[in-house]
Each structure stands twice: as C-alpha cells, then as structure tokens.
1. For Asp161 paired with Glu190, estimate the spin-label separation in nm (one decimal), with each label point 7 Å from Cα along the Cα-to-Cβ line.
2. Per the helix-only calculation at 222 nm, which mean residue ellipticity applies to the chain, given -39500 (n - 2.57) for every DSSP H run of n ≥ 4 and division by its residues, nearest 500 deg cm²/dmol?
3. Can you give the Kirkwood hydrodynamic radius for the chain, in Å, rounded to one decimal and based on Cα pairs?
4. What is the gain in length, in nm to one decimal, between Arg151 and Phe24 on full extension, counting 0.36 nm per residue of separation less the C-alpha to C-alpha distance?
5. How many nm separate the modelled label positions at Lys92 and Glu175, each set 7 Å beyond the Cα in the direction of the Cβ?
6. What pairs in Lys20/Lys144; Lys10/Lys187; Lys10/Lys203 have C-alpha atoms more than 23 Å from each other?
7. With +1 on each Lys and Arg Cβ and -1 on each Asp and Glu Cβ, how big is the dipole of the range 5-199 about its Cα centre, in debye rounded to the nearest 20?
8. Take each of the peptides 118-128, 33-43, average the number of other beta-carbon atoms within 10 Å over its residues, and list them starting from the highest.
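No lab work stands behind these numbers, since they all come straight from the coordinates. These numbers were taken from a predicted model, which means no experiment stands behind them. Here the Cβ positions follow ideal geometry from the backbone for every residue, glycine too, while neighbour counts run over all protein chains shown.
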Amino acid sequence: MYVPRRYEEKDADKVHAFIKENSFAILVSVKDGLPIGTHIPLQLEKNAAGADVLVGHISRGNEQKYTIADGAKVLAIFYGPHAYVSPRWYTKMQVPTWNYIAVHVYGTVRIVEGEELRAALTRLIDTYEQHMPRPVTIGEIPEKTVSDDMRGIVGFEISMDDVQAAYKLSQNRDEQSYHQVIEELGKGDETARAVAEEMKGRKPE
C-alpha cells in the first residue's frame, strides 16, 4: 500500500487496537494470476510462540480455498472510517481529498484443523457474543451442527509478516485548516464524525 511518511502510523498498539475494532476484513490472494477476495472476520491473536497472528476461516464452497494452503501468501485489508474533505474547509483553496484509515497485513498461511479449529471458532463466538444480552457459547449449539460446520470450512492462521498502516487525516494542512476540517466533519454523518474524532488530539505536521 502506498503510505506517504506523514500518514504512516508506527504505533503498533494503536494499529493492533484498530485491527481488533475493525476486524471484518478483506482477505486477498491470487488464483490463476488474478486477485480474489473474501469479506470475513479475522481475529488478532497470539500464537503458541507469542507472535501476532490473524485467525479466520472461509467456506469450502468458496473458490478462494484453492489459494489457502500452508505457506501461501495473502493480504488482509482492514478499513475504518473515511470521509470526503471539501476544498472550502481550508484557509487556502486546494483540491478536494479523502481522509481515511486503512491497515494492510501481508502474511503467510498455516492451515488450522481439528481441535485447534474448534478452539478458534470458540474464541470467535466468545468475542462477538460477549456484549450480547444473553451471550451464546459454542456448547449451546448442537454438536452435529458444529461438526457439520467445521467440515464445511477451511480454517487458517496468518503470520503478520508486514503491517502497513495509513492514517490519512489532513496532517499536511495548516493548523487552522486542520481544525476547520474537524469542525466540518463533525457536522456530517456517523462515519464523518468518526473521522473527526480520530483527528482530535492529533496535530498537523
């Protein structure tokens, strides 16, 4: 991903928090020379060696399964709030642009099966059920249903070989313009307001 230096986020804790908060990602691989992608949740976890990994699965009915094998190289794209920025929000007229946050993770696949896959599914369910009024556990789901589901998916773990984080948030503008962009985005929809919140506490470079 093209990331100008002024937009690059190097704080690993901040990037990891972003991945966890925006875990519904796009998994990209290459099949027959063409890119292929699937929208899936990817869990940021630690493996047995203490390294950061992404854990997920895809359906066996998905043709992308042919690209998901031990040693395969993949790209996971995590995206957050984004918003259009009007030239009228600057102290000096400029071209319009788009503010956004995106993280690309390049990694290597390791296939996960059996009890390891079941444990991964358990953690996935627990993560997203924990805020529900009546959280469901995997133990409440009929065993045949869980077993059938496991036969119908390909589980995997992705090493995080290279992480590229772009936080394009008007850092290249003068201070007055920067704060005017925050003010105007704050008048927008929920996504625009989320960008404004990300900009608060930062300063133009």
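1. Label-label distance for Asp161 and Glu190, simple model: 3.7 nm.
2. Calculated at 222 nm, the ellipticity per residue is -8500 deg cm²/dmol.
3. Answer for the chain: a Kirkwood hydrodynamic radius of 19.0 Å.
4. 43.5 nm
5. So the label points at Lys92 and Glu175 sit 1.7 nm apart.
6. From the list (Lys20/Lys144; Lys10/Lys187; Lys10/Lys203), the Cα-Cα distance tops 23 Å for Lys20/Lys144; Lys10/Lys187.
7. It works out to roughly 500 debye.
8. In descending order of packing, they fall as 118-128, 33-43.
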